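Here's the structure we're looking at; comments come further down.
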Amino acid sequence: MKHTLPLLTALLLAPLAALHAADVSKPKPNIIFILADDLGYGDLGCYGATKVKTPNIDRLAHEGMRFTDAHSPASVCTPSRYNLMTGRYCWRTWADHGTVWANDPLLIEHGRLTLASLLKGAGYFTGCVGKWHLGFGRPGTPGWDDMLGPDFNGELKPGPLEVGFDYFYGMPGVGQIPNIFIENRRVVGLDPNDPIRFINDPRPEYQVNYLQRPRTAPTNLQMASGKSANYVFEDAALRLTEKAVAFIEQHREEPFFLYLAHRNIHNPKKPNARFAGTSEIGVYGDFIHELDWSVGEVLAALEQLKLAENTLVFFSSDNGGVKAYERINHAEIEGHRINGPLRGQKTEVYEGGHRVPFLARWPGHVKAGSESRQLIALNDVLATCADLLRVPIPRDAAEDSFSFMPALLGKPEAKDLRQSLVNDSMMGWFSIREGQWKLIVGQDGGGFYSKQDPLPPAAESAGQLYNLDDDLGETKNLYNENPERVARLTALLAKLRNDGRSRP
Ligand code: CA
């Protein structure tokens with residue numbers, strides 16, 4: 001009894017912000033972030049899919065929280081990963097709205113706080129398993145070639161290990177060369193008699209510099225040699241799953257952070273033979289089934305090691321699914337709705353480009369089977385983890401990150417944690433959300449496939465304005481009818497861009 005009063009006093013004196021943080025008597029929770037690639041808003045059972053079966057990923061929804069208004073918020077791979085790692089909009093960097101290539105340097109700036117370095121600093125062992133896609137090395141460092149980028153035959157640094165990860169096993173990118181695994185700083189299985197060597201291929205079909213942005217190097221790379229280091233596509237998910245499970249086993253005695261970034265379901269869609277024909281919609285669904293199997297392996301490992309109770313598991317996707325209007329996806333023909341009710345797809349600024357599945361499970365903290373309509377984004381994960389651990393964020397870090405921990409914990413103050421959200425398309429169209437309103441500065445989706453969008457573009461106005469509460473499918477352009485709201489959102493977007501930050 002004599003301990004009760006001081007404890008109560010301490011609780012009363014504790015700052016409000018700390019009260020919604022984790023119970024201090026428990027050890028720091030492990031944190032796992034599983035990021036799928038190109039997985040659409042309608043691709044999971046827990047988001048309405050019926051032609052694919054995703055029981056393992058759905059378990060995270062049944063045992064945790066399902067977000068319905070979560071965003072990547074970029075519409076392609078690299079910028080979303082930068083958002084997740086740094087809590088900052090990628091369009092503030094030299095990569096702008098596009099992806100990095102094998103000969104691009106590390107996108108994360110020297111000294112910048114990352115999700116990994118934050119957690120490492122808080123005592124976590126940090127691992128990245130899977131697709132990196134944030135570049136390696138710096139121009140001017142040993143082994144760097146201004147045309148051909150980092151030396152894949154030597155040490156690949158700076159890279160994940162220089163921005164906060166204790167361990168890395170994964171690929172530099174997906175859907176572009178080289179298709180190799182790297183462990184820490186070295187290429188796996190590299191034959192010294194067949195070193196990796198790139199050439200710049202001048203043929204037009206290899207010119208992929210479509211963004212016409214200033215680049216450090218050309219992007220028309222081809223592999224002249226080194227293909228013996230290439231991984232087998234059909235084994236990639238299995239290998240990453242093995243590495244992820246081994247990481248969990250090895251670090252079960254200490255707080256760990258695992259960032260597991262799968263290549264499923266990005267092209268080329270090549271699941272292992274064991275998943276062939278398991279879905280109703282062909283290889284698209286089979287590849288989702290492989291992803292779901294992998295998540296199941298990770299969850300099973302947590303249970304076997306009795307870590308499930310003290311592990312916060314996130315699951316999301318780096319951008320919307322690919323429907324590719326001009327040769328509509330086989331899965332869509334079969335009645336599967338890749339992006340659910342949303343307009344557009346990957347690369348575009350419509351909701352289908354950036355509204356993504358987002359799940360969080362943390363037994364005893366996040367209510368099982370709960371749902372949140374909170375507007376959140378991948379760049380918010382950093383501030384959320386800092387909030388969880390009560391680590392202050394320096395002013396010059398995570399400039400666009402807002403904690404959604406109150407929403408996760410179902411706290412009453414969890415109302416409009418984020419006042420606005422900026423999204424961008426691959427071609428550089430911006431949009432801004434405020435409440436239910438979304439302004440798009442552009443007349444279409446601003447992506448690869450926008451010219452084939454079955455809905456008419458906003459030809460009669462300079463931009464597009466949608467009320468997502470009434471019109472989630474973005475079909476009724478209210479731009480001309482709401483000049484005041486357009487002006488307000490235009491000014492807000494300009495401010496967020498000019499200020500270099502959105503966090504106060
Ligand atoms: Ca992607």
For region 73-86, enumerate the residues that are within 14 Å of the ligand (Cβ to nearest atom), in contact (Cβ under 8 Å) with a residue 60 or more places away in the chain and touching a strand residue (DSSP E or B) at 6+ places or on another chain (Cβ under 9 Å).
P73, A74, S75, P79, S80, R81, N83, L84
Could you grab me the full set of residues in region 147-165 that are at pLDDT below 95, surrounded by 21 or more Cβ atoms within 10 Å (Cβ to Cβ) and outside any strand (DSSP E or B)?
P150
Criterion first (under 22 Å from Q436 (Cα atoms), assigned by TED's automatic domain parsing to the domain that holds D43 and part of a helix (DSSP H, G or I)) does G340 satisfy it?
no
Meets criteria (surrounded by fewer than 16 Cβ atoms within 10 Å (Cβ to Cβ) and under 18 Å from T54 (Cα atoms)) for A300
yes
Can you list the strands (runs of 3 or more DSSP E) lying wholly within region 166-263 that have 1 or more residues being modelled with pLDDT of 95 or more, more than 16 Å from the ligand (Cβ to nearest atom) and in the same structural domain as K306 (by TED's automatic domain parsing)?
167-170, 221-225, 256-261
Look through region 312-338, keep the residues that are touching a residue at least 40 places away in the same chain (Cβ under 8 Å) and over 22 Å from K131 (Cβ atoms), and return whichever of them is farthest from the ligand (Cβ to nearest atom).
G335
Hey, does region 134-146 have a residue that's surrounded by 17 or more Cβ atoms within 10 Å (Cβ to Cβ), more than 16 Å from the ligand (Cβ to nearest atom) and not in a loop (DSSP other than H, G, I, E, B)?
no
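Conditions (1) within 16 Å of the ligand (Cβ to nearest atom); (2) β-branched (V, I, T); (3) modelled with pLDDT of 95 or more, marked per residue:
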{"site": "L5", "(1), (2), (3)": "no, no, no"}
{"site": "A22", "(1), (2), (3)": "no, no, no"}
{"site": "F67", "(1), (2), (3)": "no, no, yes"}
{"site": "H71", "(1), (2), (3)": "yes, no, yes"}
{"site": "R88", "(1), (2), (3)": "no, no, yes"}
{"site": "H97", "(1), (2), (3)": "yes, no, no"}
Being in contact (Cβ under 8 Å) with a residue 60 or more places away in the chain, assigned by TED's automatic domain parsing to the domain that holds Q345 and part of a loop (DSSP other than H, G, I, E, B), is that true of even one residue in region 62-71?
yes
Within region 27-44, can you find the residues that are part of a loop (DSSP other than H, G, I, E, B), more than 14 Å from the ligand (Cβ to nearest atom) and in contact with a Phe, Trp or Tyr (Cβ under 8 Å, 6 or more places away or on another chain)?
K28, P29
Scan region 229-250 residue by residue and report those that are out of contact with any Leu (no Cβ under 8 Å at 6 or more places or on another chain) and touching a residue at least 12 places away in the same chain (Cβ under 8 Å).
N230, Y231, F233, E234, D235, A236, L238, R239, T241, K243, V245
Looking at (1) surrounded by 19 or more Cβ atoms within 10 Å (Cβ to Cβ); (2) touching a His at 6+ places or on another chain (Cβ under 7 Å), can you tell me which one K411 breaks?
(1)
Specify which of the listed residues (V295, V313) is surrounded by 23 or more Cβ atoms within 10 Å (Cβ to Cβ) and either assigned to a helix (DSSP H, G or I) or of a type outside the set (V, I, T) (or both).
V295
Hey, can you tell me all the residues within region 74-90 that are out of contact with any Phe, Trp or Tyr (no Cβ under 8 Å at 6 or more places or on another chain) and either surrounded by fewer than 24 Cβ atoms within 10 Å (Cβ to Cβ) or in a loop (DSSP other than H, G, I, E, B) (or both)?
S75, V76, G87, Y89
Given the options D69, D38, name the one that is touching a Gly at 6+ places or on another chain (Cβ under 9 Å) and among the charged types (D, E, K, R).
D38
Being hydroxyl-bearing (S, T, Y) and over 28 Å from P192 (Cα atoms) is the requirement here; does Y259 meet it?
yes
Selected residue (criterion: nearest to G42 (Cα to Cα)) from residues of region 444-475 that are in contact with a strand residue (DSSP E or B) (Cβ under 7 Å, 6 or more places away or on another chain) and surrounded by fewer than 21 Cβ atoms within 10 Å (Cβ to Cβ):
L468
Output for Cβ contacts, cut-off 6 Å, separation at least six or different chains, first residue under 13 Å from L60 (Cα atoms) in region 362-378, second surrounded by 15 or more Cβ atoms within 10 Å (Cβ to Cβ) and of a type outside the set (D, E), reads W362/L312; V366/G64; V366/M65; V366/A360; V366/L408; S370/M65; E371/R66
For region 280-292, how many residues meet the condition of being surrounded by 23 or more Cβ atoms within 10 Å (Cβ to Cβ) and assigned to a loop (DSSP other than H, G, I, E, B)?
0
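The values are calculated or read from the model by the stated rules, or taken from the named source; none is laboratory data. None of these values were measured; they are calculated from a predicted model. With ideal geometry, Cβ positions are generated from the backbone for all residues, glycine too; neighbour counts draw on all protein chains shown.
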